[in-house]
Each structure stands twice: as C-alpha cells, then as structure tokens.
Amino acid sequence: MRKPSRRKVVAGGVGLLGNLLPPNVIAQVAAPAGPLKLAPLGYAFNALQPHIDAETMEIHYSRHHAAYVNNLNAALYDFPRVAAMPLEQMLARIAELPDGLKATVRNNGGGHANHTMFWQVMGTTGAQPSGDIAAAIKRDFGGLDKLRAEFDAAGTRLFGSGWVFVTVTAEGKLAITSRPNQDTPLMDGQRVLFGNDVWEHAYYVTYQNRRADYLKAWWNAIDWVKVSGRYAAAKSGALAI
C-alpha cells in the first residue's frame, strides 16, 4: 500500500486534532507545511462564551481557518517568489500575480489574513476603549455607541457571506467598510484595525440565521487592549495584517 505524503498527513490531521481538543484547552493546532502558518489561537475555545460558543470556535479555527492556510500553501508550492512575499504584500499586489494563482490568493490568502486579525482582536478582558483609540472613535464616529450602530448596520446589510471592517490610516483616521466573501481592505492597500466575520459558520450554532443578534453580542468579545495596540501599530507603520 502506498504511504500518504507528509503534506497529506499534516493537512488531514488538522481537523482530527481539532475534534480531540477539549474546549477549555488553549488551541494550538498543528501548522501545515509551507510558508504560511496557523498561529496558536491564544485562548481556550470556550473563552468567549456565551457570546461565541466553544463548538463554533473549534470548527471555525481548526477547520475553516486551517483549510485556508493549507489550500494557500499547496497553491504556493509552484510559485516560490510569491511564497516569499509577506501575506499583506501578496494581497496588495494581487493584480500582479499569475492568473492561475489570483483566485486562490484572493479566497484563501484573504481568508487567512481576515481570520488572523479576527482572533487577535478578541479576548475576555472586559476593558472599554481608552486613550488614543477612544479619542479616535469619538472624533470619527461620535462615540462608541454610534460606531457600534453603524458597524452593525453595515454587517446586517451585507448580502451573503463576507466581513465588516474598521480601517485605519497611518494618520489614525477610522472608517467602516465591508467586503464580500474573503476579500479584505488589504487588497486595496488599506489597513484593518478590526473586523467581524459575518459568514454563517461564524455564528450559526448559537444564532442560526439571526445575524443582527450575533453582531450585537460580538462587541462583548472584543479585547480593546489589543485593538489599541493595533491602532498604535498602524500609526507607527508597523501594522501588517
């Protein structure tokens, strides 16, 4: 019998390992072979309950996100020059990529960047915006309540699957935008401060088709300390994805 390749063993093991991890264990799924890695989640699958349930977190991270990383690594195998690019540069220069690679980078590279950001901006500190980020929210939206209302409205309006984002310029200016599927503002040379995934796999176990309820609850899962750090990084030119 022919032995499976190491690549297939690693790729197949991601979903299996995800099933074996208990929800109170910090998620560290085996990274697939290739230039792009699935970073450890950094908190337990059940850390964001009741706002995001442990089953959704496990499936979302260990299967959906892992699949984007696996698929992109497989596609980059024959394109070493592209594989050597930082992910944000790959996405910003997507129009210059070989035709046979563009769709995979758009879908899977966008998915990898979006989800990496998504896990980074969530946590359980309970802190509210303060300092520079609070001032920016007040200046550009009129306060946190108005930001939440505009952001949730944009997420509710988005037809089908996609994301709603708050972008940030090097000067610290904030704006709300949305994208379909796994598209990202990085493809337009912008930087993302934070964003929310409105694909149904992000919320269906708890909220079924009630996207508006999920959007409202999701604000309880944001780690504003991490968002503040991303804001400072954006103003210093150090924010990547």
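The values are calculated or read from the model by the stated rules, or taken from the named source; none is laboratory data. Because the structure is predicted, anything quoted here is derived from the model rather than measured. All Cβ positions, glycine included, derive from the backbone under ideal geometry; neighbour counts span all protein chains shown.
I'm checking my understanding of the structure. Among residues of the range 86-97 that are free of Cβ contacts under 8 Å to residues at least 60 places away in the same chain and crowded, with 18+ Cβ neighbours inside 10 Å, which one is farthest from Ala240 (Cα to Cα)?
Ranking the candidates gives Leu97 first.
I want to confirm something. Restricting to the range 200-230 and keeping residues that are outside any helix (DSSP H, G or I) and either touching a residue at least 40 places away in the same chain (Cβ under 8 Å) or of a type in the set (Asp, Glu) (or both), which single residue is nearest to Gly42 (Cα to Cα)? Break it down into steps so the answer makes sense when it comes.
Taking the range 200-230 as the starting set, the residues that turn out to be outside any helix (DSSP H, G or I) are 203, 208-210, 222-223.
Remaining after also requiring either touching a residue at least 40 places away in the same chain (Cβ under 8 Å) or of a type in the set (Asp, Glu) (or both): 203, 222-223.
Numbers: Tyr203: 20, Ile222: 14, Asp223: 13 Å.
Across the range 200-230, the extreme among qualifying residues is Asp223.
Residues of the range 156-167 include none that is crowded, with 16+ Cβ neighbours inside 10 Å and in contact (Cβ under 8 Å) with a residue 60 or more places away in the chain. Considering only residues that are part of a helix (DSSP H, G or I) and free of Cβ contacts under 8 Å to residues at least 24 places away in the same chain, look in the range 107-138 and name the one that is surrounded by the most Cβ atoms within 10 Å (Cβ to Cβ). This residue is Ala134.
The set of residues from the range 212-241 being of a type in the set (D, E, K, R) and more than 24 Å from Met187 (Cβ to Cβ) comprises Asp213, Lys216, Asp223.
Out of the range 139-148, which residues are without any contact (Cβ under 8 Å) to a residue 40 or more places away in the chain, surrounded by 13 or more Cβ atoms within 10 Å (Cβ to Cβ) and either basic (Lys, Arg) or over 23 Å from Val225 (Cβ atoms) (or both)? Listed by number, the list holds a single entry, Lys146. Is it the case that some residue within the range 198-216 is surrounded by 15 or more Cβ atoms within 10 Å (Cβ to Cβ), more than 23 Å from Glu58 (Cα to Cα), out of contact with any His (no Cβ under 7 Å at 6 or more places or on another chain) and at pLDDT 95 or above? No, the range 198-216 contains no residue that is surrounded by 15 or more Cβ atoms within 10 Å (Cβ to Cβ), more than 23 Å from Glu58 (Cα to Cα), out of contact with any His (no Cβ under 7 Å at 6 or more places or on another chain) and at pLDDT 95 or above. Taken together, the residues in the range 49-85 that are part of a helix (DSSP H, G or I), crowded, with 17+ Cβ neighbours inside 10 Å and acidic (Asp, Glu) amount to 1.
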